[in-house]
1. Taking Asp205, is it without any contact (Cβ under 8 Å) to a residue 24 or more places away in the chain, closer than 20 Å to His221 by Cβ and part of a helix (DSSP H, G or I)?
2. Please name all residue pairs, on different chains or six or more residues apart, with Cβ atoms under 8 Å, provided the first residue is in the range 65-91 and is basic (Lys, Arg) and the second residue is part of a helix (DSSP H, G or I).
3. Among Val62, Val84, which is buried (at least 22 other Cβ atoms within 10 Å of the Cβ), among the hydrophobic types (A, V, I, L, M, F, W, C), within 32 Å of the chain's Cα centre (by Cα) and under 22 Å from Thr224 (Cβ atoms)?
4. Using the structure shown, decide if Leu330 is surrounded by fewer than 19 Cβ atoms within 10 Å (Cβ to Cβ), within 25 Å of the chain's Cα centre (by Cα) and not in a helix (DSSP H, G or I).
5. Consider only pairs whose beta carbons are under 6 Å apart and that are at least six residues apart or on different chains; among these, list those whose first residue lies in the range 609-624 and is assigned to a helix (DSSP H, G or I) and whose second residue is surrounded by fewer than 23 Cβ atoms within 10 Å (Cβ to Cβ) and small (Gly, Ala, Ser).
6. Counting just the residues of the range 621-643 that are of a type in the set (A, V, I, L, M) and out of contact with any Lys or Arg (no Cβ under 9 Å at 6 or more places or on another chain), which one comes out farthest from Leu316 (Cα to Cα)?
7. Restricting attention to the range 586-595, does a residue exist that is closer than 21 Å to Ala324 by Cβ and in a strand (DSSP E or B)?
Amino acid sequence: MSDPFELTDDEPEAIQPATTAPAVNVPPPWLAGLNPEQREAVEVTEGPVLVLSGAGTGKTRVLTTRVGYILARRLAKPWQILAVTFTNRAAREMRERVTALVGPAAEAVWLGTFHALSVRILRRHGELIGLRSNFTILDADDQVRLLKQLLEADAVDTKKWPAQGLMGVIQRWKDKGLTPDKVGGESGGEYAAGRAVALYQAYQDRLKTLNAADFGDLLLHCLTLFQTQPHVLAEYQNQFRYVLVDEYQDSNVAQYLWLRLLAQVSRNLCCVGDDDQSIYSWRGAEVGNILRFEKDFPDAKVVRLERNYRSTPTILAAASHLIAHNEARLGKTLRSGHVGGEKGAPLRVRGVWDGPEEARWVVDEIETRQRAGQKLNQIAILVRASFQMLEFEERLITTGVPYRVIGGPRFYERMEIRDAIAYLRLIVQPDDDLAFERIVNKPKRGLGDTTIQKIHQLSRARNIGLLSGALSMIETDELRPQARTTLRALAQDFDRWRSLKDTMSPADLTGMVLEECGYIDMWQKDKAPDAPGRLDNLREFVSGLQEWETLGGFLEHVSLVMENDANAGDDGISVMTLHGAKGLEFDTVFLPGWEEDIFPNRRALDESGQKALEEERRLAYVGITRARHNVFISFAANRRIYNQWQASIPSRFIEELPKDAVEQESNPGLYGNISTGYGTWQGLSENSSRSGSGGRRPVAVIEGESYSTRERTCTTDFAVGDRVFHQKFGYGVVRALDGSKLDIAFDKAGEKKVLDSFVEPA
């Protein structure tokens, strides 16, 4: 019987072996088109290889050509090649490209994501570790529901220790390849009053009973299979003569161990990645995997792809100069791959007075470029955090410039914003049944499906709204006493809020509602990775309401926005986070909000210090290298944060840009010199009439009260030894001063460096 994977004479010419001596020296067209570094990365097939591929240097082409080259040289059968990607989209693109090179043989290559390939292995061998071949893969909702059952069975307070938080802890352990018996002293063990590990074990036992696995289990079970069943591991080690992996800098510990085990025999492991673009630590990615490759494989061949075919030399010089400030990197310098091209326009860095002015300036620039003939779909606004999108979305809507949010919903379509709007709708219109259904149990109020169903039945029978139906049922015995008490309290809250809507500003009322109903507290207690971002979005939402005089006017605006912009069309601005922009490219890129605490992100720095700072800098590098021709960076002297106007200082990353690649701009008469705290940059002038101050930073301008119960004070008059209060870290003592930055020893949070505008005298 013939080998089904044997390459025959019917295969495309590109994969035929050389049959005559002269043909040996004639490379196929797809190989001859590579630059010297790319070709080296393709042709060095034996032994461990690390391809350091900078932004825009053609890594996908190298990977796919390498697979084609191995097949064309008859170095392996298709099924002896394992090629791993991180996304299904990348896997599809790679398979299409390999097929274009070598034809149908590409279909037999083991090519897919880590999870898809793990499923394939577990379907064949899972029974050896107690997992039947027809196992179910649980989605996030199923995981939370199962964990909640276990928490309740163990009498854990799910309000204090929500199931989503436990899921996050468990998934982080799985990303590290840790089964319950190996967790040890890992962080997260204190969750649920120290019962997290026992709950993890109970969760795994329950999954086994259900013959189910979650996504984290797919690699974890493979590792267990390989470690406990050596004959299975040997089968795959002998099968895979070549192992290739894309985006290696994004691999977590479990993926790293999985790859090393499979490549242990052949040692033909080729990892393609860019340590300067490792920006997903919050997902479990470990940049150390790529940084220690040469230590793991002392005989490894390292090939650097530094010829960028995307951006201008000026953009590349700026990005390379910025990222060189990182210490934890292998090192490479991008240079233009275009021969005879012009240097390109400098990066334009502009200082503005506040956030609204920043949005106006960005959209004005976009409209200018549109009039000059530039396609809108070649322009992007890249923000550090999703809460920054609101001002830009509002301005784009006002001016009628079409846009789309990539990688997530528009601001007003986000779950937490829809919930907040539902509360406001029910205040303005008590008969809004859709709003009532959305928030009656958000946050959880102990109202079960049976209670909601009874309210529905009564409301339909009497032809009244659900809120009115709930009020009617409060006076009957149809509901349990606890449900009646809960509904009565909720109805009283809405009556009180409704009585205040004409006397309180929409922003103040909304802040009070979200605090009093427990919605803010719900997200503060949620330990899920996206919870802090949702809180930021809610705070930005409240800040945005400052512009509105009535709730009714705001709600009408939102309704029109969501209706009119449901279909923005093909040619529109791309608005997204910097994390979501990785892998994309545009002619023109706007990078707003380059200020300390926003970028680099204060929360990240507080949690991980220098390690986080270097990842934030990599994120800035990614943002700059998304642009082909033009980069616009902006920062504001004042920004409304958490419904308060606060003074801002430019990001330290601005100071780290090379001056000969940057063109500074500012409002006439407003900006002169300002210190970023890390060097000197163009900022507020001492004679600025609006700032009223000179020196290191402007005085904060408070134009509205926070919905918090405490007012915040911005001052530069602190001294060593002063007792201070911070809303997140609590009470502490000032230990050292550095301009506007204070080193504070907090009673419970330990030593932190914070800006003086974030603390007040205690």
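The values are calculated or read from the model by the stated rules, or taken from the named source; none is laboratory data. Predicted, not measured: the structure shown is a model, and the values here were computed from it. For neighbour counting, all protein chains shown are included, and Cβ atoms are generated from backbone atoms with ideal geometry for every residue, glycine included. Ligands, DNA and RNA are stripped out before the accessible areas are found, and what is left, the full protein with its side chains, is counted by its heavy atoms. Shrake-Rupley method; radii C 1.70, N 1.55, O 1.52, S 1.80 Å.
1. yes
2. Filtered contacts from the range 65-91: Arg66/Ala41; Arg66/Val42; Lys77/Ala108.
3. Val84
4. Considered against the rule, which asks whether it is surrounded by fewer than 19 Cβ atoms within 10 Å (Cβ to Cβ), within 25 Å of the chain's Cα centre (by Cα) and not in a helix (DSSP H, G or I), Leu330 comes out as yes.
5. Cβ pairs passing all conditions: Ala612/Ala604; Glu614/Ala328; Glu615/Ser281.
6. Filtering the range 621-643 for residues of a type in the set (A, V, I, L, M) gives 622, 624, 627, 631, 633, 636-637, 641.
Pick out the ones that are also out of contact with any Lys or Arg (no Cβ under 9 Å at 6 or more places or on another chain) and you get 624, 636.
On the way: Ile624: 8, Ala636: 25 Å.
Residue satisfying both the conditions and the ranking: Ala636.
7. Within the range 586-595 (the criterion being closer than 21 Å to Ala324 by Cβ and in a strand (DSSP E or B)), the answer is yes, since at least one residue qualifies.
Okay, residues lined up against (1) open to solvent by 20 Å² or more (accessible area, probe 1.4 Å); (2) under 17 Å from Ala213 (Cα atoms); (3) in contact with a helix residue (DSSP H, G or I) (Cβ under 6 Å, 6 or more places away or on another chain):
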position: Phe135; (1), (2), (3): no, yes, no
position: Asp139; (1), (2), (3): yes, yes, no
position: Asp142; (1), (2), (3): yes, yes, no
position: Arg145; (1), (2), (3): yes, yes, no
position: Leu150; (1), (2), (3): yes, yes, yes
position: Asp154; (1), (2), (3): yes, no, no
position: Trp161; (1), (2), (3): yes, no, yes
position: Gly168; (1), (2), (3): no, yes, no
